[in-house]
1. Residues being more than 22 Å from Glu244 (Cα to Cα) and either surrounded by fewer than 18 Cβ atoms within 10 Å (Cβ to Cβ) or in contact with a Pro (Cβ under 7 Å, 6 or more places away or on another chain) (or both): count how many of those fall in the range 155-200.
2. Do the conditions hold for Ser31, that is, is it among the small types (Gly, Ala, Ser) and exposed (fewer than 15 other Cβ atoms within 10 Å of the Cβ)?
3. Please go through the range 13-23 and pick out each residue that is touching a Lys or Arg at 6+ places or on another chain (Cβ under 8 Å) and either polar (S, T, N, Q) or within 13 Å of Cys45 (Cα to Cα) (or both).
4. Of the numbered conditions (1) of a type in the set (Val, Ile, Thr); (2) surrounded by fewer than 14 Cβ atoms within 10 Å (Cβ to Cβ); (3) assigned to a helix (DSSP H, G or I), Thr118 satisfies every one except a single condition; which is it?
5. Filter the range 53-80 down to residues that are farther than 22 Å from Lys146 by Cβ and either assigned to a loop (DSSP other than H, G, I, E, B) or modelled with pLDDT under 95 (or both), then give me how many there are.
6. Report, by residue number, each residue of the range 169-186 that is assigned to a helix (DSSP H, G or I) and either of a type outside the set (A, V, I, L, M) or in contact with a Lys or Arg (Cβ under 8 Å, 6 or more places away or on another chain) (or both).
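The values are calculated or read from the model by the stated rules, or taken from the named source; none is laboratory data. Keep in mind that this is a model prediction, so the values were computed, not measured. Note: ideal-geometry Cβ built from the backbone for every residue, glycine included; neighbour counts use all protein chains shown.
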Amino acid sequence: MGKIIPVGLIIDLDGTLLPYSDIPNTKVVNSLRSLAKKNIPIIICSGRMREGVSYYAKLLNLSFPQISDNGAKIFDPINDVVIYEAYIDSNETKKILNQIDFLNKSFFIGQSGKLLHTLENVDFTSITSITIRLSSVLEVEELKDKFSNRLISADVSIGSKNEWYINLTKKGVDKGSGVFNLCKILGFDPKNFVAVGDGLNDISMFKTVGISVAMGQSTKEVKENADLVVGTVDDNGLLDVIKEFFI
């Protein structure tokens with residue numbers, strides 16, 4: 001197989017674009033804006049909800065559709081229009097949210113057009129993702145097994161402040177499926193993209209694209225599933241990727 005010449009870049013947010021402060025490095029921002037200005041597809045693919053991804057897409061002047069809700073939602077950041085959504089089974093949603101509420105865990109609900117933090121006014125038929133915030137890896141393993149079943153996918157991620165999350169979506173929905181669906185919509189081959197991430201939930205998109213890159217602070221498992229490893233987020237590892245493939 002010949003050398004892959006990437007047409008676009010897919011980036012995770014927490015731990016890839018965003019350090020602990022949630023404020024991306026100015027050089028990284030300017031480099032990504034420069035690529036976007038050349039009409040190179042720059043795609044954010046994050047476990048964060050649409051509102052969070054939209055904020056950074058606008059900061060970077062991105063015009064191509066973006067992926068949020070751990071792959072369950074694709075939206076146009078310019079016109080603020082949802083292009084694709086995958087809903088969790090409503091009965092499963094009710095069970096999970098009642099259990100989370102009973103366990104007194106912090107959570108976020110991605111509902112069509114809304115970001116919810118409580119069970120008030122929830123429409124159980126239009127939920128794309130449920131994100132649970134946890135304090136330790138022990139809680140993560142326990143609840144991941146508890147909620148994962150034939151109708152639900154459970155992915156683990158770490159926030160920019162090293163907090164743990166479980167991202168619940170419809171079965172078969174993850175960052176990899178989000179990338180695949182986006183490329184299908186746009187008419188791109190996902191194998192012509194570079195994907196950069198640092199978390200366990202990034203492995204599925206690593207397996208979907210042609211070139212996968214792990215950030216320097218990633219765990220051993222993430223690095224083992226990547227083609228390349230670059231500097232940490234604090235060392236602006238994303239700049240290494242841009243220089244290697246797009247400059």
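1. Step one: of the range 155-200, the residues more than 22 Å from Glu244 (Cα to Cα) are 155-178, 180-187, 200.
So of that shortlist, the ones also either surrounded by fewer than 18 Cβ atoms within 10 Å (Cβ to Cβ) or in contact with a Pro (Cβ under 7 Å, 6 or more places away or on another chain) (or both) come out as 160-163, 171-172, 180, 182-187, 200.
Going through the range 155-200 one residue at a time, the tally reaches 14.
2. On the way: among the small types (Gly, Ala, Ser): yes; exposed (fewer than 15 other Cβ atoms within 10 Å of the Cβ): no.
No.
3. Result: Leu13, Asp14.
4. (3)
5. Initial filter on the range 53-80 (farther than 22 Å from Lys146 by Cβ): 53-68, 73-80.
From what's left, either assigned to a loop (DSSP other than H, G, I, E, B) or modelled with pLDDT under 95 (or both): 60-65, 77-80.
Going through the range 53-80 one residue at a time, the tally reaches 10.
6. Lys175, Gly176, Ser177, Gly178, Phe180, Asn181, Cys183, Lys184
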